[in-house]
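Input: a single structure, listed below in structure tokens.
The values are calculated or read from the model by the stated rules, or taken from the named source; none is laboratory data. Please read all numbers here as calculations on a predicted model, not as lab measurements. Positions of Cβ are backbone-derived with ideal geometry, glycine not excepted, and every protein chain shown enters the neighbour counts.
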Amino acid sequence: MRRLTHLLLSPPSRLARLMVGEKRLAYDPVTPEDSHMHLPVFVDLDGTRCEGLWAIVDHLEGAYPEHPLIPEDAAARGEALRLLDWAMGPLQDQVTSRIVFEKGGQRHTGAAVRRAPDMEIIRGGREALKQILKTLGDAADRHGYLACRECTIGDLAVAAHISALDYFGEVPWKEFSSAAEWYLRMKSRPGFRLLLSDRVPGQPPVSHYAELDD
């Protein structure tokens, strides 16, 4: 059986899970003994071992082309990859690390340090998130999804972060209806089924986390 070693609330791990789900691949989820190891790690049926998000992205797209997540069209491809890079860079730095890494346990996020949540940091993340949600909503209004009319790796990368934020009820959906509609579509994707069943021991999600309607 394929194996995916991951952290529940880490966006790179969540993206790997979403990709494997979109590829319709069965796998065994594995909890790492050390949350600071190089994660996620995917081991395929033939023993191929992929350490880190970028290795997993390359392997899954190459080995399982039946459900492509990177568009062939040059413009859509460029935008999807830009969103992937942005999600794992600025979105992580400006929002996710300031909220999810503050509120979530270190062994589930992979945060570098363990300490009490800093509300000043969290408030800064919340303000940054508002502008981002408007931008996402505008893109979804133009394209249907974020990069083009089809769901791409860009959508999955952004949703990996948004889903972790939504686990804690940190996304003000009522203020950003277009972004909310996009995310509801994402929650209905094949890859989201397992994510919506996530439960961190002692820290359950908000009541709407797994709901498929508003």
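Against the test of being within 28 Å of Ala26 (Cα to Cα), buried (at least 20 other Cβ atoms within 10 Å of the Cβ) and aliphatic (A, V, I, L, M), the options Ala140, Ala179, Ala147 yield a single qualifying residue, Ala147. Across the stretch 17-55, the number of residues qualifying as over 16 Å from Leu194 (Cβ atoms) and surrounded by 14 or more Cβ atoms within 10 Å (Cβ to Cβ) comes to 11. Against the definition (surrounded by 17 or more Cβ atoms within 10 Å (Cβ to Cβ), within 25 Å of Ala80 (Cα to Cα) and touching a helix residue (DSSP H, G or I) at 6+ places or on another chain (Cβ under 6 Å)), how does Tyr167 come out, yes or no? When the stated conditions are applied, Tyr167 does not pass them.
Answer yes or no as to whether Leu39 is more than 26 Å from Ser188 (Cβ to Cβ) and touching a Leu at 6+ places or on another chain (Cβ under 8 Å). Against the criterion (more than 26 Å from Ser188 (Cβ to Cβ) and touching a Leu at 6+ places or on another chain (Cβ under 8 Å)), Leu39 qualifies.
Report yes if some residue within the stretch 47-68 is in a loop (DSSP other than H, G, I, E, B), among the aliphatic types (A, V, I, L, M) and over 19 Å from the mean Cα position of the chain (by Cα); otherwise report no. No, the stretch 47-68 has no match at all.
What are the pairs with Cβ atoms under 7 angstrom where one residue, in the stretch 105-131, is within 22 Å of Leu195 (Cα to Cα) and the other, located anywhere, is aromatic (Phe, Trp, Tyr)? Sequence gap at least six, or different chains. Note: pairs meeting the criteria are Thr109/Phe101; Ala111/Phe101. Within the stretch 28-58, the set of residues being hydroxyl-bearing (Ser, Thr, Tyr) and in contact with a helix residue (DSSP H, G or I) (Cβ under 6 Å, 6 or more places away or on another chain) comprises Ser35 only. With the condition kept exactly as written, say whether any residue in the stretch 134-149 is in contact with a Ser or Thr (Cβ under 6 Å, 6 or more places away or on another chain), small (Gly, Ala, Ser) and farther than 26 Å from His108 by Cβ. Yes, the stretch 134-149 contains a residue that is in contact with a Ser or Thr (Cβ under 6 Å, 6 or more places away or on another chain), small (Gly, Ala, Ser) and farther than 26 Å from His108 by Cβ. Within the stretch 193-209, is there a residue that is over 17 Å from the mean Cα position of the chain (by Cα) and within 20 Å of Leu91 (Cα to Cα)? For the stretch 193-209, residues over 17 Å from the mean Cα position of the chain (by Cα) and within 20 Å of Leu91 (Cα to Cα): absent.
Between a first residue in the stretch 29-41 that is under 12 Å from Trp54 (Cα atoms) and a second residue that is loosely packed, with under 13 Cβ neighbours inside 10 Å, which pairs have beta carbons less than 8 Å apart while being 6 or more apart in sequence or on different chains? That search, which allows pairs on different chains as well, returns Val41/Arg49.
Of all residues being among the hydrophobic types (A, V, I, L, M, F, W, C) and part of a loop (DSSP other than H, G, I, E, B) in the stretch 1-16, which is surrounded by the most Cβ atoms within 10 Å (Cβ to Cβ)? Just the residue, please.
If we take residues in the stretch 1-16 being among the hydrophobic types (A, V, I, L, M, F, W, C) and part of a loop (DSSP other than H, G, I, E, B), then Leu9 is surrounded by the most Cβ atoms within 10 Å (Cβ to Cβ).
Of all residues in the stretch 161-187, those that are assigned to a helix (DSSP H, G or I), touching a residue at least 60 places away in the same chain (Cβ under 8 Å) and either of a type in the set (Asp, Glu) or in contact with a Phe, Trp or Tyr (Cβ under 9 Å, 6 or more places away or on another chain) (or both) total 2.
Say whether the condition of being modelled with pLDDT of 95 or more, in contact with a Leu (Cβ under 7 Å, 6 or more places away or on another chain), closer than 24 Å to Leu8 by Cα and assigned to a helix (DSSP H, G or I) is met by at least one residue in the stretch 72-83. Yes, the stretch 72-83 contains a residue that is modelled with pLDDT of 95 or more, in contact with a Leu (Cβ under 7 Å, 6 or more places away or on another chain), closer than 24 Å to Leu8 by Cα and assigned to a helix (DSSP H, G or I). Elements of the type helices (runs of 4 or more DSSP H) sitting completely within the stretch 92-158 and holding at least 3 residues that are over 19 Å from the mean Cα position of the chain (by Cα): these cover 119-143.
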